[in-house]
Structure formats: C-alpha cells, structure tokens
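The values are calculated or read from the model by the stated rules, or taken from the named source; none is laboratory data. If you're wondering where the values come from, they're calculated on a predicted model, not measured in any experiment. All Cβ positions, even for glycine, are placed from backbone atoms using ideal geometry, and neighbour counts span all protein chains on display. Just the protein is used for accessible areas: all its heavy atoms, side chains included, with ligands, DNA and RNA removed. Shrake-Rupley method; radii C 1.70, N 1.55, O 1.52, S 1.80 Å.
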Amino acid sequence: MGIVLYDDRAARKFEPFALTRPAGELRAGGELIRRRWERRFGIRADGFIAGPHLASFEEFDAPGAVASTLAAGTVLINSRCVPLLDGPPFGDAGSTRWTCDGRLAAVRLTDPIPVARLSDGGATLDSLATGGGRTIEVEGWWLEDVWDLTRHLLAMLSADALALDPTAAPPPAHLTVIGRHPVRVDPSATLEPLVVADATAGPILIRAGAIVQAFTRLVGPCIIGEKATVSGGRIAACSVGERSKVNGEMSSTILIGHANKGHDGFVGHSIIGRWANLGAGTITSNLKNSYGNISIWTPDGVRNTGLLFLGSLIGDHAKTGIGTRLTTGAVVGAGANLFGTAMPPKVVPPFAWGEGPAWETFAVEKFIEVAERVMARREVALSADQRALLAAAHAARWSA
C-alpha cells in the first residue's frame, strides 16, 4: 500500500503558494499536511498529484510528482483535509474509505488509474470510490480556502503541541512559566534566561535545536520548530517552521519554514512562505478600521473570507524592503521583491520587482541567482530540479 496526496481544483487555487508548492507541503498547525498523513498511515508518501508547473517540485523529504499510473491499492488523499496528528493508525488493509466531517478524504483505489485522469484536478474522490470495505472516520479539519489555515490555527496548535515530539520534557527551571497548560521543551533546544512562556490560553512546544533568546515572551498555543531562532519580542499563537528566524511582535501566524522575520514590526494572522524575508519594520494590518469581514484576492476574484482578522499571504521566496506596510488581506506573490516608500497594493503579482502598481518583472535568471544565494545561507543547495521548478513558476505566474 502506498499513499499519494491529490490537489483538486480548489487546492490548486491556494495562491500565492500553489504556484511553487503542492498543498500537502503547506504547514497546518505545527506540521506539514503531508507529514500528518504519513504519521497516521505509518508510511512515507509515494508522491503527489498537482498542477503541471510543479512537476519538478523538490524539497527536503518531500516525495516527487507522480507522472504515470497509480497502482491498485494506492490510497489517494485529498490534500485539503488536515487530520489530527494523534489517533489510531489509518493503515488497516480492510479499509477502503476515510471520511472527515461526513466528506470523503481518502480512498483506496481498486483499479489502476492513469495520472492523466487527475491532471486538471477535476476528478473527485467520490468518483473513484468503488467496491466495498470498511470506512474510517478521520478527526480533523477541511481547508475550503487557503486562509482556513489561520482560521483553524489555534485549534491545530493546541492539539499539535501535545502530540508532537514525545521526547520533549518539562521546561528548565530558569524558564518563567505562566498558566496551567503544558510547556514542553526538547532537550536539545536552548532557552536563555529571561524568557517567559505564557501557557494561560494553550500549550507551548519548543522543538529540537530551537533557540529562544532573552526577552522573548511565548504565548500559547505556540510551536517553535526545529532549529528555529526567536531573538526577542512577543510570539503569540504562532507556528514557526524549521530554521526560521523571528523577532518582534507576531500573532496567529504560520511560517512554513526557512523564513526570516528577524526585526521589529507587527505580523498578525498571516502565512509566510518558505525562503521569504521580511525587511526591518515590515508591518501587516490584520484588522479593518470598520471591524468588518476581510475580503481577499483569489484566482476566482475577490472573496469575502468571513474573517474579522486576516493579515498577509506571502509567497515562497518573496522579499519586503525595510518599512514595508501591507494592508489587510494582502496577497504577495511568490518571488516578489518589494521596496520603496509607498504602501504596496493589496495584490502583488508573483516575481514583481520594485514599487507598485507599475511593477517591473524580476528577471528569472537574476531571481534564481538570488534564491541560490539565500538558500546557501541555510546550508541548502539549489538543485537542478528546484531551478526547473522556479523557472516553471516564473513562466506560469498569474497577474492580478
């Protein structure tokens, strides 16, 4: 039995991230969606099915795109379903369907299926479910839209902080702890004196190799990822992905990983892509002056999110200059490089360069050169496949 994650048409509109990564490689709560399914099935995923521009996607332990035929017995998973990390294993050979909140989240294929049948994302799991077998109910959350990652963040973090890292231990004696929820620290993490862990509203987990420096206040539920660095400020209800660097005031925000918010500036209710960098003083608005629901650009047009709080969606490899101010519900495309004194428009296209709305385009050769330089600072080499992916994303970029 193998498992494959499938981006349907809805998942393929999860911009600004869908241009450079499949939905299974988004961070939901404290862990990537793919890894959540791997944990519950107890096996590594065999691959993913997404848009053709992601054919060369490669990133750390992620499997590649499936290009030929799905074998009979393969479990095909809707990548918009986010399962709880804890619970009974899903790998029962007698199971053929997995449902979440009454909807089909995964199905075991009874016959081989060519990937071409799924190439446009239009096929539904219901159309592929045949035969008998047992149905397993999955506890978790559905992502109807990409901003649902922030909608469900508190609940996901509260559960994940207790489920992840069984080797984590109670906090060291010099850490000031407030509140009744658990605070757990991996033995390899470093916590300097004068750090406060406020667990009044939820648990806190500090994962392997993380560094939390003096004059930091962590507010639960909160997860600081592997080898991440927090160099001061108030980090509340956040998921800080591995090898990220954060400082200042940040709330209800997800960093997918390897991102920098290393200076002062408020960032709230936002999602920050991998390899993104926020210049000093970058600020996101996450609440309208009218206290009304926030609308946001999508590939299908401007949508009302139904959310009172929503900051910015910042794509992979995006950069902001010092003092950048992003309006409520801003979308910054992958690879965009913003600088200048004016507030950027609410939508910044991928690979935009300069100060909008009269954007120049970040030349692909120069962009890849910068990406290579940035990744090398985290001891990560830009592979040939990654170069091909970025070039394909540049060619497939959308316009707002």
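For the structure I just gave you, tell me whether ARG378 is surrounded by 19 or more Cβ atoms within 10 Å (Cβ to Cβ) and part of a loop (DSSP other than H, G, I, E, B). The answer is no for ARG378.
Filter the range 263-277 for residues that are open to solvent by 10 Å² or more (accessible area, probe 1.4 Å) and basic (Lys, Arg) and give the result.
none
Taking the criterion of being closer than 29 Å to ILE272 by Cα and open to solvent by 20 Å² or more (accessible area, probe 1.4 Å), the residues of the range 114-141 that qualify are SER119, ASP120, GLY122, GLU139, GLY140, TRP141.
Only one entry of ILE206, ILE224 meets the criterion of being of a type in the set (Val, Ile, Thr) and either out of contact with any Leu (no Cβ under 9 Å at 6 or more places or on another chain) or closer than 30 Å to ALA336 by Cβ (or both), and that entry is ILE224. Scanning the range 142-171 for residues that are open to solvent by less than 50 Å² (accessible area, probe 1.4 Å) and modelled with pLDDT of 95 or more yields a count of 18.
Confirm whether THR74 is surrounded by fewer than 19 Cβ atoms within 10 Å (Cβ to Cβ) and among the polar types (S, T, N, Q). So THR74 does not fit the description; no. For the range 26-36, does any single residue satisfy the condition of being under 20 Å from THR74 (Cα atoms) and touching a Cys at 6+ places or on another chain (Cβ under 9 Å)? The answer is yes, given that some residue of the range 26-36 is under 20 Å from THR74 (Cα atoms) and touching a Cys at 6+ places or on another chain (Cβ under 9 Å). If you go through the range 9-58 and keep only what is among the basic types (Lys, Arg) and either in a strand (DSSP E or B) or modelled with pLDDT under 95 (or both), you end up with just ARG27.
For ILE322, the criteria (1) β-branched (Val, Ile, Thr); (2) surrounded by 21 or more Cβ atoms within 10 Å (Cβ to Cβ); (3) assigned to a loop (DSSP other than H, G, I, E, B) hold in every case but one, which is (2). Taking ARG180, is it open to solvent by 60 Å² or more (accessible area, probe 1.4 Å), out of contact with any Cys (no Cβ under 8 Å at 6 or more places or on another chain) and either among the basic types (Lys, Arg) or touching a residue at least 40 places away in the same chain (Cβ under 8 Å) (or both)? Judged against the criteria, ARG180 is a match.
How many residues does the range 28-51 hold that are under 10 Å from the mean Cα position of the chain (by Cα) and open to solvent by less than 10 Å² (accessible area, probe 1.4 Å)? So the count comes out to 5.
Candidates ASP61, ASP86: the one that is surrounded by fewer than 21 Cβ atoms within 10 Å (Cβ to Cβ), part of a loop (DSSP other than H, G, I, E, B) and without any contact (Cβ under 8 Å) to a residue 40 or more places away in the chain is ASP61.
Here is the figure for the range 157-200: residues that are touching an Asp or Glu at 6+ places or on another chain (Cβ under 9 Å) and under 30 Å from ILE294 (Cα atoms) total 2.
For every residue, the table says whether it meets (1) in contact with a Lys or Arg (Cβ under 8 Å, 6 or more places away or on another chain); (2) under 22 Å from LEU26 (Cβ atoms).
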position	(1), (2)
ALA50	yes, yes
ALA55	no, yes
ASN78	no, yes
ARG108	yes, no
SER119	no, yes
TRP141	no, yes
ASP148	no, yes
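Of all residues in the range 112-133, those that are on the phi > 0 side of the Ramachandran plot have Cβ atoms under 7 Å from Cβ atoms of residues that are of a type in the set (Asp, Glu), 6 or more apart or on another chain, in GLY121/ASP7; GLY121/ASP8. Look at VAL302 and say whether it is part of a strand (DSSP E or B), surrounded by fewer than 18 Cβ atoms within 10 Å (Cβ to Cβ) and either within 22 Å of the chain's Cα centre (by Cα) or at negative phi (or both). Yes: the conditions hold for VAL302. Just name the residue that is farthest from ILE322 (Cα to Cα) out of those in the range 278-294 that are assigned to a strand (DSSP E or B) and open to solvent by 40 Å² or more (accessible area, probe 1.4 Å). Selected residue: LEU287. Considering GLY340, GLY356, the condition of being assigned to a loop (DSSP other than H, G, I, E, B) and either among the β-branched types (Val, Ile, Thr) or open to solvent by less than 30 Å² (accessible area, probe 1.4 Å) (or both) is satisfied by GLY356 alone. Scoring ILE256 on the criteria (1) touching a Ser or Thr at 6+ places or on another chain (Cβ under 6 Å); (2) buried (at least 24 other Cβ atoms within 10 Å of the Cβ) leaves a single failure, condition (1). Candidates in the range 227-251 are the residues that are outside any strand (DSSP E or B) and crowded, with 21+ Cβ neighbours inside 10 Å; of these, the one that is nearest to the chain's Cα centre (by Cα) is GLY241.
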